[in-house]
């Protein structure tokens, strides 16, 4: 078959509701170069519609030409024409493999490979957005890895498809008859015909998750309360910092996603995503007052544990407990003089000491219930459970276990404060850090000393250093209509193999709007 008396069709590459795609060769070029031809069929056979589609098709073709000329990672447009009531685009033929095909043939991609793809494709998306264009159909099938240089190439823009989907309403007005995008990969605002730049960010985030997990969006669970995509259990090896970047990209609300492709790229390159004020799904409207940390560690000596580890490298992490045996032998050598030692407490908050004590001083227990087994030599400051850039911190992780849900939580009766703490740690153990983060009050979340990088700091602790946490005992100290105090006996099972006992006192506040207890403070 010869199209436009010039392009000889070699084979059909695909077909769909919009038309067909062919591999062809240009008979009027000395090299007879190969090209990709997309045949687009107007969905309504109407002379008025045809004329309107033709005008829009010309405009969209000019945009594709501009994009292809401006980026080597977008196919160039060679020509466009209409023939027998159908429209054709002639584009550069990219020899490569779609991301879908790569996963199917080679298996899941490593985190470093996915980061490399994102780092290369995000500048392309930023360029597209700078032209005022939303791609609208980013997915694994529409990103090719070019054989000759291994670079990702963005293909199959959605605007032209929308053009041929134009129909005429009974009133004589032209209207869009279809929503461009792929179910699952397109966010809610796009599904109702309101695509934004942030829509492409969402689609790219889910594309990355597919590469890491092998799961399409339809195979992933969704939190019915928040719309959050639940994917972490399918990609457990992903580092907390990278997971935080992907989580931000796929937030339900456009305001909670990255503001631009450039911002997402910066988060990838620096390894620290922007601070997320809250994770979608929980935003208590009742104000909370965050109390200051006491000048000495609270809970009884036998219940408190000091742990030290590097947030940057688990190999350099070291821990200290109330037991003197932790400081014997080679473990003592792992403690560096005059470093900040962090006490891991239940909510993932750290109490940092300027460590100046000798081994014997460390072993000295305190008789007072409000003091830790280790005497601080300087003032006590509160630090994040997740990650403290300037401090070394040991982090426990949680063993996946189903969240304990209170059957009365949706009823008029309040769930017990003890049950709220059980739910908190069960949620952490199953790796649902968004939900557990949202059980902290906004004031507690936004405390820069505790969470200097917001949610990213939180998951750096729970997802990066803690393997699991066991709630040995939980007891109610006091409870009122709006507040409650709960004591919890914990054991952290660290990724380093250590088991760290701890005792934490929770100060809870009742959030009537969401019918749940939230953590206002801990000691």
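Checked against (1) closer than 30 Å to residue 266 by Cα; (2) modelled with pLDDT of 95 or more, residue 63 passes all but a single condition, namely (2). Taking the listed residues 28, 55, the one that is surrounded by fewer than 16 Cβ atoms within 10 Å (Cβ to Cβ) and assigned to a helix (DSSP H, G or I) is 55, with no other qualifying. Filtering the range 472-484 down to residues that are closer than 21 Å to residue 427 by Cβ and in contact (Cβ under 8 Å) with a residue 60 or more places away in the chain, which residue is surrounded by the most Cβ atoms within 10 Å (Cβ to Cβ)? My answer is 484.
Looking only at residues in the range 486-501 that are buried (at least 23 other Cβ atoms within 10 Å of the Cβ) and within 28 Å of the chain's Cα centre (by Cα), the one that is modelled with the lowest pLDDT is 494. Residues of the range 79-91 that are touching a helix residue (DSSP H, G or I) at 6+ places or on another chain (Cβ under 8 Å) and surrounded by 17 or more Cβ atoms within 10 Å (Cβ to Cβ): 80, 87, 89, 91. Screening residue 436 with (1) crowded, with 21+ Cβ neighbours inside 10 Å; (2) touching a residue at least 40 places away in the same chain (Cβ under 8 Å); (3) within 19 Å of residue 518 (Cβ to Cβ) gives one miss only, at (2).
Scanning the range 502-523 for residues that are more than 21 Å from residue 435 (Cα to Cα) and surrounded by fewer than 19 Cβ atoms within 10 Å (Cβ to Cβ) turns up nothing.
Taking the conditions exactly as written (in contact with a helix residue (DSSP H, G or I) (Cβ under 8 Å, 6 or more places away or on another chain) and modelled with pLDDT of 95 or more), does residue 115 satisfy them or not? Spelling it out, residue 115 is indeed in contact with a helix residue (DSSP H, G or I) (Cβ under 8 Å, 6 or more places away or on another chain) and modelled with pLDDT of 95 or more.
Here's the yes/no breakdown for (1) in contact with a strand residue (DSSP E or B) (Cβ under 6 Å, 6 or more places away or on another chain); (2) at pLDDT 95 or above; (3) within 20 Å of residue 154 (Cα to Cα):
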site	(1), (2), (3)
183	no, no, yes
190	no, no, yes
194	no, no, no
202	no, yes, yes
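Checking the range 454-471 against the condition returns no match, with no residue being surrounded by fewer than 21 Cβ atoms within 10 Å (Cβ to Cβ) and farther than 19 Å from residue 431 by Cβ.
Being surrounded by fewer than 24 Cβ atoms within 10 Å (Cβ to Cβ), in contact with a strand residue (DSSP E or B) (Cβ under 6 Å, 6 or more places away or on another chain) and in contact (Cβ under 8 Å) with a residue 40 or more places away in the chain holds for only one residue in 220, 230, 236, and it is 230.
Checking each residue in the range 124-145 for being in contact (Cβ under 8 Å) with a residue 60 or more places away in the chain and out of contact with any helix residue (DSSP H, G or I) (no Cβ under 7 Å at 6 or more places or on another chain) picks out only 137.
The values are calculated or read from the model by the stated rules, or taken from the named source; none is laboratory data. All values derive from a computational prediction rather than experimental measurement. Positions of Cβ are backbone-derived with ideal geometry, glycine not excepted, and every protein chain shown enters the neighbour counts.
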